Amino acid sequence: MIIGVVGKANVGKSTFFKASTLADVEIANYPFATIKPNTGVGFVKVDCADNFFNKQCNPRVGYCVEGKRFVAVEMIDVAGLVPGAHEGKGMGLEFLNDLNQADVLIHVIDVSGSTNDKGEPVKPGSHNPADDVKFLEEELDYWYLSILKKTWEKFSRAVSQTNQDVEKALHKQFSGLGSSEDMIAGILAKLGLKGKKLMAWNEEELFSFARELRRETKPMLVAANKIDVPGAYENYEKLKKEFPDVLFVPCSAESELALKEAAKHKMIKYLPGEKDFEVSGNLNEKQSKALEFIKNNVLEKHKGTGVQEVLDKALFDLLKYIYVFPVSTGKGEDQQGNVLPDCFLVPKDITALGFAYRVHTDFGDKFIKAIDVKTKMTVGKDHKLKSGDVIEIVSDK
């Protein structure tokens, strides 16, 4: 599972990425500071099951603080896009193709309106951030259309001539984009294209299909960055009304990065996603003023910097993922005695058998049953799991 970070240049995209991962990336005040995609590891925040066992967990990957488990997710940050990216402008096609591996997208915008459509700094409030929301969705939709059109004529003819099932054929053709048969069926029904021969689709219908396929396979939320700049919050409120179907999260990537760097150097104690921090080291006057500004203008006003909320909502609200702990004993441990060493992020409605395969192929192949450790109930292979479950898999060894 990969989270893609996308947006135009100079909106704080790389700052958001670094604040999420603390990766060493270039942050600069000019377009195309990022050329090659940056990759790193971010973390989503969940309630750990260690409280249930009254033990401190031992994460193999990630970390846990005060009952909050931070589970690793892979992230990719591509270079800033410009209008016309789907036509190749600004190395756009290369950057868009870098996003092909992403399962969910975070669109970072400058909600203060201080970055124009070319990614150049302008006076705050002089650019309408609504244009950025429209621009990126349009670029992604036309990118998908270009992918479809590469093989559409030959593909649609073959499907018609051989009387193939349209839904199965479309899924097979575009499975690389993350489609499913049910997804394709839903899109065709929504667009009124169910039963219509592919060769009879017009240009508008093909574009509508590309747009819906993109929305389904690349769900996206908008990180309304630079929320601490005067006038930004008012823009954020306007955007929510103008785009009621879009999920917006206000954030200040710069503030999150400053807090994490301060915590890294043991100047403060700070837990990502929280609305306060505790000074634990010596601060000079400049550092004290900077942290006081963040506390008053970001944490208290917006209940946090928003960066952690963006990551959590991308995974759990958009992708509808859940988190499950696999263990080897009813005590919540593995065979070496480590407490809850692993936490898996998996699609909703995953079954016990499906989860067994996620943990290890052998567990799935030799599956006998599973035990819900919290309830001590034995469950079968078709039992659907839920977030926070602790599952012991019993297999034929």
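Taken together, the values in this text are just the output of simple stated rules run on the coordinates, not laboratory data. What you see is a predicted model, and the numbers here were worked out from it, not measured in a lab. No Cβ is skipped: glycine too gets one built from the backbone with ideal geometry, and neighbour counts run over all protein chains shown.
Can you classify the chain as rounded, prolate or oblate using the Cα gyration tensor, where a ≥ b ≥ c are the square roots of its eigenvalues, rounded means a/c under 1.5, and otherwise it's prolate if a/b beats b/c and oblate if not? Note, shape of the chain comes out oblate.
In terms of its alpha-carbon gyration tensor, the range 230-389 comes out oblate; a/c meets the 1.5 threshold, while b/c is at least as large as a/b. Placing +1 on the Cβ of every Lys and Arg and -1 on the Cβ of every Asp and Glu, with no other charges, gives the range 324-395 a dipole of roughly 240 debye about its Cα centre. Candidates Gly337, Pro326, Ala370 compared by Cα position along the dipole of the range 324-395: farthest toward the positive end lies Ala370, with charges placed on Cβ. Cα centroids of the range 310-345 and the range 203-220: 33 Å apart. With Cα atoms defining each centre, the range 97-166 and the range 372-397 are spaced 40 Å apart in the structure. DSSP beta bridges confined to the chain are antiparallel in about 60 percent of cases.
Going by a ≥ b ≥ c, the root eigenvalues of the Cα gyration tensor, does the range 153-214 fall in the rounded group (a/c under 1.5), the prolate group (a/b larger than b/c) or the oblate group? In terms of gyration-tensor shape, rounded.
Between the amide H of Lys68 and those of Cys48, distances stay under 5 Å, these residues lying 5 or more places away or on another chain, with hydrogens modeled in the peptide plane.
Loop-located trypsin sites (Lys or Arg not before Pro) in the range 164-262 (DSSP state other than H, G, I, E, B) with a sparse environment of at most 16 neighbouring Cβ atoms within 10 Å: Lys194, Lys196, Lys197.
Counting 0.36 nm for each residue step from Gln335 to Lys269 and taking away their Cα separation leaves a gain of 20.4 nm. As a proxy for reagent exposure, ranking Trp152, Trp143 by other Cβ atoms within 10 Å from fewest up yields Trp152, Trp143.
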